[in-house]
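Peer 1: One structure, pasted below without further comment.
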Amino acid sequence: MACKADTDLGKPGCHLLKAGLDGGPVDVVVGELSAGKDFLSFGSVECEDLVCVLDQDGVAALLAQATANPAVLNEPATGYCSQPCAQGSTTGCTPQYQDLQNDPTLVMSCRALVLDNDTINQICNRSPSDCQKYFNNTRSAYFCARGGSGGT
């Protein structure tokens with residue numbers, strides 16, 4: 001008898017982070033988002049793998065809210081927990097948080113969200129400190145995410 005592995009993959013509410021003026025993490029706010037782009041953030045403590053994603057559809061929803069209520073532009077942008085995955089994989093991106101896997105609107109796939117693997121490896125080999133700073137030592141361009149046909 002096997003036990004179900006319950007992870008936080010797909011769990012909503014993680015904060016997108018960026019480097020602040022002092023180098024420490026600060027929240028990305030909705031007003032900094034661009035329509036038609038996926039956002040990936042490393043270091044999100046709300047997630048087991050410290051990876052938070054806000055896909056294009058999520059960005060569109062937040063920007064629509066901001067149109068109706070401009071105060072939303074100053075609120076922290078939140079996404080959902082993700083994890084690195086293997087290019088071409090058809091398994092491993094099923095949301096496991098609570099019962100999210102039973103909601104067809106929350107289907108995730110493995111897709112490129114940052115650069116490409118070769119470029120990431122070149123950066124990491126040339127400068128381990130930049131690798132840590134920009135990619136949290138993750139050498140994959142591929143992450144579990146909803147929607148879209150490719151990352152930006």
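Peer 1: Could you check, for the range 56-73, whether at least one of its residues is in a loop (DSSP other than H, G, I, E, B), free of Cβ contacts under 8 Å to residues at least 60 places away in the same chain and not charged (D, E, K, R)?
Peer 2: Yes, the range 56-73 contains a residue that is in a loop (DSSP other than H, G, I, E, B), free of Cβ contacts under 8 Å to residues at least 60 places away in the same chain and not charged (D, E, K, R).
Peer 1: Separate question: Which of the residues belonging to the range 38-85 are among the small types (Gly, Ala, Ser) and under 20 Å from residue 105 (Cα atoms)?
Peer 2: Those that are among the small types (Gly, Ala, Ser) and under 20 Å from residue 105 (Cα atoms): 58, 60, 61, 64, 79, 82.
Residues checked against (1) modelled with pLDDT of 90 or more; (2) touching a Ser or Thr at 6+ places or on another chain (Cβ under 9 Å); (3) of a type in the set (A, V, I, L, M, F, W, C):
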{"position": "24", "(1), (2), (3)": "no, no, no"}
{"position": "54", "(1), (2), (3)": "yes, yes, yes"}
{"position": "66", "(1), (2), (3)": "yes, no, yes"}
{"position": "84", "(1), (2), (3)": "no, yes, no"}
{"position": "95", "(1), (2), (3)": "no, yes, no"}
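Peer 1: Restricting the first residue to the range 97-126 and requiring it to be open to solvent by 50 Å² or more (accessible area, probe 1.4 Å) and assigned to a loop (DSSP other than H, G, I, E, B), which pairs with a second residue that is modelled with pLDDT of 75 or more and basic (Lys, Arg) meet a Cβ separation below 9 Å and a spacing of at least six or different chains?
Peer 2: Taking only residues 6 or more apart or on different chains, the pairs are 97/11; 98/11; 107/146.
Peer 1: Do we have residue 80 as surrounded by 15 or more Cβ atoms within 10 Å (Cβ to Cβ) and assigned to a loop (DSSP other than H, G, I, E, B) here?
Peer 2: No, not satisfied.
The values are calculated or read from the model by the stated rules, or taken from the named source; none is laboratory data. Everything quoted here is computed from the prediction, not taken from an experiment. A quick note on method: Cβ atoms are made from the backbone with ideal geometry, for glycine too, and the neighbour counts reach across all protein chains shown. Keep in mind that these areas ignore ligands, DNA and RNA; they rest on the heavy atoms of the full protein, side chains included. Shrake-Rupley method; radii C 1.70, N 1.55, O 1.52, S 1.80 Å.
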